């Protein structure tokens with residue numbers, strides 16, 4: 001059974017238009033944290049994020065991310081679902097239980113409807129199946145960053 005990648009965002013089939021949204025100048029580049037036990041996947045995602053002009057930091061495990069001191073600074077978290085120790089769903093739940101509303105994009109080579117539903121029910125912004133299309137990740141990331149900008153604007157206005 002195949003799975004459709006989920007990302008709750010407005011997405012155009014015109015990739016030039018969509019990519020131009022991502023490459024907008026920002027005064028302070030958002031920090032994107034990437035958690036994946038697979039070094040190749042981790043580095044590939046980091047390179048993509050940095051090519052878009054954002055700051056990226058990588059972690060080999062959920063535990064390393066939770067101990068990093070960077071949770072509050074993270075604009076969006078991209079995490080693998082299946083990892084040793086805490087998995088991506090458990091990481092997402094740990095963040096929520098600590099009061100963090102960081103947008104989470106889950107990626108997995110082993111998608112299942114049960115995991116997808118649990119992730120999205122817990123507020124994940126996206127659930128992408130490996131190998132995923134870069135445009136899908138960029139669309140989710142764009143949604144996360146624009147949402148974070150709106151939250152900052154509302155905080156400073158209020």
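Remarks
- Condition check for residue 40: modelled with pLDDT of 95 or more, touching a helix residue (DSSP H, G or I) at 6+ places or on another chain (Cβ under 7 Å) and assigned to a helix (DSSP H, G or I): no
- Condition met for residue 49 (at pLDDT 95 or above, within 12 Å of the chain's Cα centre (by Cα) and farther than 25 Å from residue 28 by Cα): no
- Taking (1) surrounded by fewer than 14 Cβ atoms within 10 Å (Cβ to Cβ); (2) touching a residue at least 40 places away in the same chain (Cβ under 8 Å) in turn, residue 74 satisfies each apart from (1).
- So residue 124, is it under 15 Å from the mean Cα position of the chain (by Cα) and either buried (at least 17 other Cβ atoms within 10 Å of the Cβ) or modelled with pLDDT of 95 or more (or both): yes
- Count of residues meeting criterion [touching a strand residue (DSSP E or B) at 6+ places or on another chain (Cβ under 8 Å) and either closer than 23 Å to residue 146 by Cβ or surrounded by 20 or more Cβ atoms within 10 Å (Cβ to Cβ) (or both)] in the stretch 90-110: 10
The values are calculated or read from the model by the stated rules, or taken from the named source; none is laboratory data. Since we're looking at a predicted model, the values are computed, not measured. Because the Cβ atoms are built from the backbone with ideal geometry, glycine has one as well, and the counts that use them run over all protein chains shown.
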